[in-house]
Structures are given as structure tokens and as C-alpha cells.
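The values are calculated or read from the model by the stated rules, or taken from the named source; none is laboratory data. Worth saying up front: this structure is predicted, and the values here are computed from it rather than measured. Positions of Cβ are backbone-derived with ideal geometry, glycine not excepted, and every protein chain shown enters the neighbour counts.
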Amino acid sequence: MIEETPAIVNNWIQNWNLLSQGWRVGLVVFALVFGTAVVAYVASFIVGAIERHFQKTDNAWDDALLHAARKPVVAFVWLQGVYWAAEVAHRYSDAEVFSVNDTLLQIGFVWLLVWTVLRFIKQGEEILTSPLKMKSPMDYTTVNAVSKLSRAVVIITAVLIALQSLGYSISGVLAFGGVGGIAVGFAAKDLLANFFGGFIIHLDRPFKVGDWIRSPDRNIEGTVEHIGWRLTTVRTFDKRPLYVPNAVFTQVAVENPSRMLNRRISETIGIRYADVGQMATVVADIRSMLENHEDIDQNQTLIVNFLTFNASSLDIMIYTFTKTIEWVRFHEVKQDVLLKIADIIEGYGAEVAFPTRTLHMPEGVRLASDQAGKADGDEASSAEPGSSRAPVDGSASSSETQGSSAEATGNS
């Protein structure tokens, strides 16, 4: 409670008989609240002016501190003013609600302090990850993890202080929390597994927000959008959100293609057996083309060699790496390389092979087939449309002879 109400106000309330005591107390309370509003407005204006002045400097942390403190300062003025008004009312009122003024003031101070610290942590997170405010901005995932941990520590500490202000023993609360934590641990083991999985992700940093990840063990592939304490949000390439519990990442292998240094071109191209004479020059020209290509990384492995005699082609192995890791640009470079390889092959009169099969037949079968085909061709060429030529095999003549013989026998 206020130690002493200002004497002039106290004497006015007690001795001015023009109005009743209730009206006099009401006027004093109104004046205190109105004065609080005026002071809060002035305080907001002053802090805003100071904030605008410090925005002209190169130091971003003073801007963050002033921005974080602006609203809490105004709230502090209101808290103190309302507390004074409530204390004045408590002197002349027996209402039970005014008996908790001191407790509410203490809790209010704690809340304002926590609010200021949380706002400052948020501002610090934006500064540390902003390329406009930092020459070397920090990784967003790491800063976000530290920010979350800091906020959790501040909130837990504030809750314990508030409980102490309300008359609860912190030691008893901590003992209850230890016993209850065991029960909660057994009941919510999956939740705790996800929590510690998120902690491991923030600690090891196998990926961060914005990375493209995939898991060969699970059907997980896409861009990381958010890493929470329980779930990680992955946006798949068909634009659907995929929510993965953090515990999964402690049990599966995760690939991070976003961190690759190069992209690989690995192709096998075959030419015909008839072009074996051009093989050496084709291979040499392809290697020379790749060694002089501006989008091929010459510091990485480059292989162009005659690989093997395949079933229907002579295979050439192409193995090299591009400088770009961008998916779209990589395919543009690969297309350019393959088209240039095709031009080199065609430039020597060779052709890219495709699957073929040659059938070898015995000599006797081939001759008999050729003679039958020739006879059929001669017969077809000698026949004319509409002619009634007799068959060459003589079957019809034989039938007619047999018929004539039978008729002659019957007449006799």
C-alpha cells in the first residue's frame, strides 16, 4: 500500500464538506485515472521520439530495446496509476477486492518484465537473421531454436516468481513437478520423443528451413517450411503439406540435396558396330567438348571412355559434374551437353545405335525358299486377269480323263 496519501488530497477528502465523502473519493479516483491516461500518452510519445532518433544510428540493438520497451512502459504507467487509484479507494472502502492490490501489483510487474524480455528476444531474432541488419546473418533454424529455448526459460521463471508472490512454496512446486514429471513422462513418451527429436534437429542441424530433403527409408521428400518442437512441416513438390513428427528423424536416414556441391551427369551412349572406326575420334572430341564447356566443373571427376561391346551397340561412358546445383539450370546444361554429343557423332557419319537383331539362316533353307519364291513370281507374271488357264499341276486333266473312261464303259 502507499505509505501516505498526499496530505493535501487526504485533507481535501476528509474536510471538504461541499460534496459527500463518496463523491470526493470518486473525484480523486477519476483524477488519478485521467492523470494516468495523460502520463501514459506522454510516455508513449517520448519513447516513440527516442526510438525514431535512434533509428538513424547504425546500432540495431538500441532500436530493438526501445521498440520492445515502448508498450510495456505505457502499460507500467497504467498499472501504477490504477494501483494508486485503487489504494485511495481502499482507504475509504471495505470492499474485499481492494485487499489484493499489492499482490496484483507484484504480478503486474513480473508480467511487464516478461513481456519486455519476450519482445526483445523477438527483435533480436529478427536482427540476427536479417541480411539488411547483419553483415553475416546467422542461420535462422539455430537462432529460432535459441529463441524458443530462451522464451521457455523466461516464462517458467516468471511462473515460479508469480507462484512465490501468491504465497505458494517454490520448493513444494518443484517437488511436485519432479514426481509428476515421472508420471507425465510415461504417459506422454511419444510427445517427449518428438520434443527431444526437435532438440536433436536444432543441435545437429541436418537440415534447416528452406532446405530440400528426402528420406530413402520413408516417403518423405520436399522443402522444409517449419521446424517445431513436435512437428516438422515439409512442403512436397505437389504443394501438399507433410507433417512429420520429429522423432522420425532420429530413426531414419535423411538426404539433404540442398547442400550438394555439384550435380552429376552420368550417361551411357551407344553407337553402331559399323562405326567402330570412328570410336576413338568420337570419344576424344566428346572429352574435349566437356573440358571446354563453361558449365562443367573441371575440378571434379570427368570420364569419357569406350565402355563395352554391348548386344547391339558400342557403349561410351559419360561421367561429369556441373557447376550449378539448381534443378532447372542443371537440366538445361545437361540438354546442351547431350545435343553437342549428338552433333559430334553425326559429324563423323556415325549414328546413335538402337536395339537391333540379325537372324542367320542355314544355306539350304535359304536356297529352297529363294527357288519357291522365284517360281511363284514367274507364275504370277505369266497369268493375266480374266484368263481361264488350267492349273499347272494337271489335277483337272486327270479328272476329265477318268470321267470319259467311265462314260465309254457305260455305253458299251
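Among residues of region 204-221 that are in the same structural domain as N144 (by TED's automatic domain parsing), none has a Cβ under 8 angstrom from a residue that is at pLDDT 90 or above and not in a loop (DSSP other than H, G, I, E, B) at a sequence gap of 6+ or on a separate chain. When region 196-222 is filtered for residues that are aliphatic (A, V, I, L, M) and touching a Leu at 6+ places or on another chain (Cβ under 8 Å), only I220 remains. Any chance you could count how many residues in region 182-225 are modelled with pLDDT under 90 and β-branched (V, I, T)? Residues in region 182-225 being modelled with pLDDT under 90 and β-branched (V, I, T): 5 in total. State yes or no: is R230 out of contact with any Asp or Glu (no Cβ under 6 Å at 6 or more places or on another chain) and closer than 30 Å to L203 by Cβ? When the stated conditions are applied, R230 passes them. Test L307 against the stated conditions and say whether it is free of Cβ contacts under 8 Å to residues at least 40 places away in the same chain, in the same structural domain as F199 (by TED's automatic domain parsing) and outside any helix (DSSP H, G or I). No, not satisfied.
When V173, V179 are checked against the criterion of being out of contact with any strand residue (DSSP E or B) (no Cβ under 8 Å at 6 or more places or on another chain), surrounded by 11 or more Cβ atoms within 10 Å (Cβ to Cβ), at pLDDT below 75 and in a helix (DSSP H, G or I), V173 stands alone in meeting it. In region 227-283, of all residues being assigned to a helix (DSSP H, G or I) and of a type in the set (D, E, K, R), the one that is nearest to I303 (Cα to Cα) corresponds to D275. The number of residues in region 235-292 being more than 14 Å from the chain's Cα centre (by Cα) and among the basic types (K, R) comes to 4.
Condition check ((1) at pLDDT 70 or above; (2) out of contact with any Gly (no Cβ under 9 Å at 6 or more places or on another chain); (3) surrounded by 18 or more Cβ atoms within 10 Å (Cβ to Cβ)) across all residues:
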{"position": "T5", "(1), (2), (3)": "no, yes, no"}
{"position": "N15", "(1), (2), (3)": "no, yes, no"}
{"position": "L27", "(1), (2), (3)": "no, yes, no"}
{"position": "A31", "(1), (2), (3)": "yes, yes, no"}
{"position": "G35", "(1), (2), (3)": "yes, no, no"}
{"position": "E51", "(1), (2), (3)": "yes, yes, no"}
{"position": "A86", "(1), (2), (3)": "yes, yes, yes"}
